[in-house]
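Chemist: Questions regarding the structure given below will be posed in turn.
The values are calculated or read from the model by the stated rules, or taken from the named source; none is laboratory data. Note that the coordinates shown come from a computational prediction; the quantities given were computed from them, not determined experimentally. Note that each Cβ is placed from the backbone with ideal geometry, even for glycine, and that neighbours are counted across all protein chains shown.
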Amino acid sequence: MQRIKTLQITDTFLNYTKINTTAVPSATHLPSSANQHILAQIVAKDLMAVGCTDIDIQSNAITTIRLDANKEGLPSIVFFAHLDTAPDHVGDTKAKVVKNYQCNSISFKGTTDTLSVVDNPELLNYVGQDIIITDGTSLLGADDKAAIAASVEAIKYMVEHPEFKHGVITLVLLPDEEIGIRGAKALDVKALKADFGICLDCCGIGEYVVENWYASEAIMTFSGVTAHPMSAKGNLINALIMANDVINQLPVMERPEHTENRQGYFWPHKLAGDTASAKLEIAIRDFDENAFNNRKMMLNTIAASMNDKYGTEHVKIEQSDTYGNVKTGLDKQPEILRYVEQAMDNLDIPPKPLTMRGGYDGSVITPKGLTTVNIFTGAHNFHSVREFLPCESLRMASEMLLEIVSLSAKGDGNE
Ligand SMILES: [Zn+2]
């Protein structure tokens, strides 16, 4: 049964790609680019046109569009999509549909870049389908406008089909996911009063996240003691040497370049300073909560030992958690993954569970109390001019939302 129409969802998506919502990392306000607010208004208008009235667009572009339950006692579910696109390419998106894709190499005007099965063998899965690409000068922005289109079309379906039973459904549009998950951090999660959330922020059809890692940032500051080099002996304490000392105490094989799969790491990623003072920034990642906490303690221990070695108050450390592992929530609410997996089974989508070495809106929202799984948008090559989206995968992302709602209305994922 096709509830979502391919041509309609493709048009909705193409319309959203016309608004350039590139995030601006240097911005200090939310949203980082004004067009994110404009896109939120366009989405709101699309849903007002079918009768949605409970719409709130905040000045920071965080937008909630709420559809009332049409049956008592069913779970309240939130669809999350982010408004911004990655700052890797800033140009306007010129999207186009390649009809009936036949494995031909697609060349981009004005560049030697191509989209071909040599570099992208996954294209072979979409032979005979329509795929959406760019002209090769910008990213497509299916990350995450495919999620917006899939959510909008699923909500339109529910509005137009009162026989389809559901609890409260809320679409939440978030700004600036790509530059530090800023929108999700600013979101009042408790006010949503929901049972669980679904982000659509994975790639190819069938992908869903079963686990992502914990993340935190440590900032170490070093205060040196300056002295003229001619009389420095016994006096000079060099902040740069102290910073280097810390880096050398971190386990060599636990760096990003030596780790993969479920292995965590320490990543000293920024060092600035001079003899008098220096600042070192270290990213910490781990899938296991104990190992994650041990890493943070290890940095505290190193800082303390540095103060013993060089004298007190030469080294300060501040640590702050960036996001958590969605698994903590998924373990408590096992029905969520059951719905996702049963929905894929019902829709004949081969499941591709992912352990994600990264974060997404749900990894900030889940620790705030609303478990939010991450499923596919259908697009490939996120953050690249070769980003492409098969229309059929986009339709299935939207069907997934309806199927999960439908399964949750039945009470378990096994029916
Ligand atoms: Zn994304």
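Chemist: Kindly evaluate Ala243 against the criterion of being part of a strand (DSSP E or B), in the same structural domain as Ser223 (by TED's automatic domain parsing) and either at positive phi or touching a residue at least 12 places away in the same chain (Cβ under 8 Å) (or both).
Modeler: Taking the combined requirement at face value, the residue does not satisfy it.
Chemist: Looking only at strands (runs of 3 or more DSSP E) that fall completely inside segment 246-333, which ones have 1 or more residues that are free of Cβ contacts under 8 Å to residues at least 40 places away in the same chain and in contact with a Leu (Cβ under 6 Å, 6 or more places away or on another chain)?
Modeler: Hits in segment 246-333: 265-273.
Chemist: Please determine whether any residue of segment 378-387 is crowded, with 16+ Cβ neighbours inside 10 Å and assigned to a helix (DSSP H, G or I).
Modeler: Scanning segment 378-387, I find no residue that is crowded, with 16+ Cβ neighbours inside 10 Å and assigned to a helix (DSSP H, G or I), so the answer is no.
Rundown of residues vs (1) buried (at least 16 other Cβ atoms within 10 Å of the Cβ); (2) at pLDDT below 95; (3) outside the structural domain of Glu392 (by TED's automatic domain parsing), yes/no style:
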| site | (1), (2), (3) |
| --- | --- |
| Ala218 | yes, no, yes |
| Gly234 | no, yes, yes |
| Glu254 | yes, no, yes |
| Phe266 | yes, no, yes |
| Leu271 | yes, no, yes |
| Asp274 | no, no, yes |
| Ile284 | yes, no, yes |
| Ala303 | yes, no, yes |
| Ile317 | yes, no, yes |
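Chemist: Cβ-Cβ distance below 8 Å, separation of 6 or more or different chains: which pairs start in segment 83-100 with a residue that is touching a residue at least 24 places away in the same chain (Cβ under 8 Å) and end on one that is among the acidic types (Asp, Glu) and more than 14 Å from the ligand (Cβ to nearest atom)?
Modeler: Close Cβ pairs satisfying both conditions: Lys94/Asp135; Lys96/Asp135; Val97/Asp130; Val98/Asp130; Lys99/Asp130; Asn100/Asp130.
Chemist: Taking segment 179-202 on its own, how many of its residues are in contact with a helix residue (DSSP H, G or I) (Cβ under 8 Å, 6 or more places away or on another chain) and within 21 Å of Asn381 (Cβ to Cβ)?
Modeler: So the answer is 3.
Chemist: Okay, next question. Considering segment 13-30 alone, what residues qualify as being touching an Asp or Glu at 6+ places or on another chain (Cβ under 6 Å) and crowded, with 23+ Cβ neighbours inside 10 Å?
Modeler: Those that are touching an Asp or Glu at 6+ places or on another chain (Cβ under 6 Å) and crowded, with 23+ Cβ neighbours inside 10 Å: Thr21, Ala23.
Chemist: Keeping to segment 1-41, report how many residues are under 22 Å from Glu160 (Cβ atoms) and touching a Phe, Trp or Tyr at 6+ places or on another chain (Cβ under 7 Å).
Modeler: Residues meeting the conditions: 2.
Chemist: If you don't mind, another one. Between Asp119, Asp84, Asp144, Asp88, which is at pLDDT below 95, over 16 Å from Glu392 (Cβ atoms) and within 16 Å of the ligand (Cβ to nearest atom)?
Modeler: Asp88
Table: residues versus (1) in contact with a strand residue (DSSP E or B) (Cβ under 8 Å, 6 or more places away or on another chain); (2) more than 16 Å from the ligand (Cβ to nearest atom); (3) not in a helix (DSSP H, G or I).
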{"site": "Leu337", "(1), (2), (3)": "yes, yes, no"}
{"site": "Asp345", "(1), (2), (3)": "no, yes, no"}
{"site": "Pro350", "(1), (2), (3)": "no, yes, yes"}
{"site": "Pro353", "(1), (2), (3)": "yes, yes, yes"}
{"site": "Ser363", "(1), (2), (3)": "yes, no, no"}
{"site": "Lys368", "(1), (2), (3)": "no, yes, yes"}
{"site": "Val373", "(1), (2), (3)": "yes, no, yes"}
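Chemist: Next question, about the same structure. Which ones in segment 222-232 are surrounded by fewer than 18 Cβ atoms within 10 Å (Cβ to Cβ) and either closer than 24 Å to Ser320 by Cβ or not assigned by TED's automatic domain parsing to the domain that holds His269 (or both)?
Modeler: Listed by number, the list holds a single entry, Ser223.
Chemist: Criterion first (at pLDDT below 95 and among the aliphatic types (A, V, I, L, M)) does Val373 satisfy it?
Modeler: When the stated conditions are applied, Val373 does not pass them.
Chemist: Among the candidates Glu313, Glu341, single out the residue that is over 17 Å from Val209 (Cβ atoms), more than 16 Å from the ligand (Cβ to nearest atom), surrounded by fewer than 19 Cβ atoms within 10 Å (Cβ to Cβ) and of a type outside the set (S, T, N, Q).
Modeler: Selected residue: Glu313, the only one of Glu313, Glu341 that is over 17 Å from Val209 (Cβ atoms), more than 16 Å from the ligand (Cβ to nearest atom), surrounded by fewer than 19 Cβ atoms within 10 Å (Cβ to Cβ) and of a type outside the set (S, T, N, Q).
Chemist: Can you pull out the residues in segment 109-126 that are outside any helix (DSSP H, G or I), touching a residue at least 24 places away in the same chain (Cβ under 8 Å) and of a type outside the set (A, V, I, L, M)?
Modeler: Lys109, Gly110, Thr111, Asp113, Asp119, Asn120
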